[in-house]
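What follows is a short report on a single structure.
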Amino acid sequence: MNSTIELLAPRYDIAWYPWAVQYFFMIAISYASLWLAAPALIFGKKAWLPTARLALIACVSTTLVAPVALLADLHQPLRFWHFYAYANTHSWMSIGSVVLPIYLISVLGLAWLAWRPALQAQRSASGLGGFIAKWLSLGNGATPKVLVAVVGLTALLLSSGIMLYTGAELAVVKARPLWNTLWLPPMLVATGFIAAAGLVLVLNRASGLRSNDATRQMLYVLLGFCAVAGLIALSWLLDGMNAHVGSVAAALESVRYSPSWRSTALWGSVTGAALFAVVALLLLRPPHRQPALFAWAWLLGLVAIHMGWMFRWVVLMDVQHVARNSAGFHHYGIPAGSSGILGIVGTFGLWLTAILLIELFIPWRQAQQGGVNTPASLDAQASSDPLAATSDSLNAKQGAPNHG
Amino acid sequence: MDAIRRSLLGQLARLSAGAALVPLSSLAQAGINQQPARREGDPTKRYGMLIDLRQCIGCQACTVSCHIENAAPLGQFRTTVSQYEVQHQESGELATFMLPRLCNHCENPPCVPVCPVEATYQQQDGIVVVDSDRCVGCAYCVNACPYDARFINERTQTADKCTFCAHRLEAGLLPACVESCVGGARIIGDMRDPNSQISRLIQEHRDALMVLQPEKNTLPQVFYLGMDERFTTRPVAEPVALEVLDPHGQEMGYEFHH
């Protein structure tokens, strides 16, 4: 055995910037929260309605912001129309560029249908809120439930397309062994659901909705997908443990030679296991103790969001730092500008703006599976959750009929 | 044009039929991520390069002449020469090993099918090029190339790579790196012409030739003579701290921290 040193190793910059992480994160929350909204909005399960309302606002806001992050990751964003002028069916990215806008339209369609009854109820309100409700609700006609279900099912189908293309886009890249595994697409979906459930938990608290049903349901979703993610990680490991090449071999090599990869691997597994354990513990508490504990579930939500984001950061950014031809590991600081911190903060800022605009102008708390929204049914829903009534100064100011 | 449209329609048909009937794995094989049709270039030629490592002294003349010929931004290279110092662990004897790297103009280039707008394509003479007017700068190809042969050009904000100096070949000139190589280590030519120098060398040294990362199944068309097998994949090597500064005093090379 000889020892070798590399005298001149050029620096290879990363090709995808943190914008890519933001896109993969936002679009994962988008498709996963759509599925969380599905039981109530598409299949008519009333018990899931509070979850669906929270999931829908999460879904719409992330669906709007994700494509912005994607465009920003192009080095020539103004040439985005080339995707349609010169579509290449050989490329997963090109297929994604077709699926994404149709998916966006279907999500906006579903949200409009689900919010329409409440918008109609708000038509007579004074001020900008009433004006927007009048303009957005497009008349007083009833919203057929069948239409909501059909549009919702279309959106679900297209969301599967998004899951498939975002995963496949990475998994086909042989040049990055860590991506080149069939286990990556399902893992992206599983961590997407973890992040989306986490976001619903946080929104449940931040919006003042504080529905215990939603919290319980999201904790079960978290539990399930933590278990699924764990199983996928284990299968991936066992699948490739004895191979000399491939995804697992590359990962083991990275962990062996790089302290930062070691701490990343440790952090990821410990956080995942801890999240699973705490959620399980919470759900095993006696029912009368649960409401008090559920008030803190939003903290678990934050951890879950962190999991979803960090997984994408490691997969998309850290993997690009693994040198393919030169010796050693590349170490990069995150730049401050638009290809770094500014991009990350900017995307989250835009997302917050989207959430706030919806909060200001859309009575999203009354989303339902079509039909007609009567003030009586709204009152019944509002009073079923006493905390919700006290928390909602924003909507009350605009004269929403059921708050205050 | 008709042939292209026909193949496109064929792909679409296969895709939609696939989506309805077959499991996902076979959908992925039904055309997605497979090579699109080659276009432009001379179909009677197939360019390739043979690098005789026994002649390479690691002077980086190729790196510099390529950089000037193709006006690459500072710190970004279409070709470089990796330099290794190898020590025999028992005898302590030292040797240097030079490995010129460039685009391999693969027979199965992984960078081509990933391009969402077909801005990067393979010519019929085998040369892989980028249409920088069409490129959207998504950098998918940069990630898809196992050889680090591509980069996003800072100035044009589009993908950039070695073209075997196609513009010079067209004018009957040799690529800048070949022209400037002091040892004559780089030999380029038409591999379809049995009398070309490269064809004769390939014939003569067929068993000794090696390519980089053969396991990736990209079928590289840059062949190395005098290669050590341990360098065909990423070599197990210790990096050495080395700073290369640009005229503004900014570090362009790699700074290693142990």
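The values are calculated or read from the model by the stated rules, or taken from the named source; none is laboratory data. Everything numeric in this text was worked out from a predicted model, so none of it was measured. When we count neighbours, we look across all protein chains shown, and the Cβ atoms used for this are built from the backbone with ideal geometry, even at glycine.
Descriptive notes on the structure:
- Residue selected from region B:154-187 under the condition among the β-branched types (Val, Ile, Thr) and closer than 30 Å to A:Ala72 by Cα, by the criterion farthest from the other protein chains (Cβ to nearest Cβ): B:Thr163
- Residue satisfying all of: in region B:31-56; polar (S, T, N, Q) and part of a loop (DSSP other than H, G, I, E, B); surrounded by the most Cβ atoms within 10 Å (Cβ to Cβ) among these: B:Asn33
- Cβ separations smaller than 6 Å between residues 6+ apart or across chains give the following pairs from region A:95-107 residues that are more than 14 Å from chain B (Cβ to nearest Cβ) to residues that are among the hydroxyl-bearing types (Ser, Thr, Tyr): A:Leu104/A:Thr63; A:Ser106/A:Thr154; A:Val107/A:Thr63.
- Any hit, region B:215-234, residues being touching a Ser or Thr at 6+ places or on another chain (Cβ under 7 Å) and either surrounded by fewer than 22 Cβ atoms within 10 Å (Cβ to Cβ) or modelled with pLDDT of 90 or more (or both): no
- Among the residues of region A:266-285, the ones that are buried (at least 16 other Cβ atoms within 10 Å of the Cβ) and farther than 16 Å from A:Leu231 by Cα come to 3 in all.
- Criterion violated by A:His75 - all others in (1) in a helix (DSSP H, G or I); (2) at pLDDT 90 or above satisfied: (1)
- Looking only at region A:84-94, residues that are within 7 Å of chain B (Cβ to nearest Cβ) and without any contact (Cβ under 8 Å) to a residue 60 or more places away in the chain come to 6 in all.
- Filtering region B:67-93 to residues that are crowded, with 21+ Cβ neighbours inside 10 Å and closer than 30 Å to B:Asp207 by Cα leaves B:Arg78, B:Thr79, B:Thr80, B:Val81, B:Ser82, B:Tyr84.
- Extreme residue, surrounded by the most Cβ atoms within 10 Å (Cβ to Cβ), among residues of region A:151-169 that are facing chain B (nearest Cβ under 9 Å) and among the hydrophobic types (A, V, I, L, M, F, W, C): A:Ala168
- Restricting region B:188-222 to residues that are among the β-branched types (Val, Ile, Thr) and within 14 Å of chain A (Cβ to nearest Cβ) leaves a set whose member that is farthest from B:Cys59 (Cα to Cα) is B:Thr218.
- Helices (runs of 4 or more DSSP H) fully within region B:104-213 counting 2 or more residues that are closer than 19 Å to B:Leu53 by Cα and of a type in the set (Val, Ile, Thr): B:197-205
- Residue pairs meeting the criteria (Cβ under 7 Å; at least 6 apart or on separate chains; first more than 7 Å from chain B (Cβ to nearest Cβ), in region A:6-31; second assigned to a loop (DSSP other than H, G, I, E, B) and at pLDDT below 80): A:Ile14/A:Tyr332
- In this entry, A:Ala66 passes the filter for residues that are more than 14 Å from chain B (Cβ to nearest Cβ), at pLDDT 90 or above and crowded, with 20+ Cβ neighbours inside 10 Å.
- Filtered residue count, region A:23-44, keeping only those that are modelled with pLDDT under 95 and farther than 15 Å from A:Leu108 by Cα: 4
- Scanning region B:153-170 for residues that are of a type in the set (A, V, I, L, M, F, W, C) and surrounded by fewer than 23 Cβ atoms within 10 Å (Cβ to Cβ) yields B:Ala166, B:Leu169.
- Residues within region B:97-153 that are away from chain A (no Cβ under 12 Å) and of a type in the set (Val, Ile, Thr), tallied: 4
- Matching option when the condition is free of Cβ contacts under 8 Å to residues at least 40 places away in the same chain and within 30 Å of A:Arg365 (Cβ to Cβ), among A:Val221, A:Val278: A:Val278
- Among residues of region B:73-89 that are at the interface with chain A (Cβ under 7 Å from one of its Cβ atoms) and over 19 Å from B:Pro239 (Cα atoms), those with a Cβ under 8 angstrom from a residue that is part of a loop (DSSP other than H, G, I, E, B) and not polar (S, T, N, Q), sequence gap 6+ or separate chain, pair up as B:Phe77/A:Pro10.
- Selection status of B:Arg186, out of contact with any strand residue (DSSP E or B) (no Cβ under 8 Å at 6 or more places or on another chain) and either of a type outside the set (S, T, N, Q) or buried (at least 17 other Cβ atoms within 10 Å of the Cβ) (or both): no
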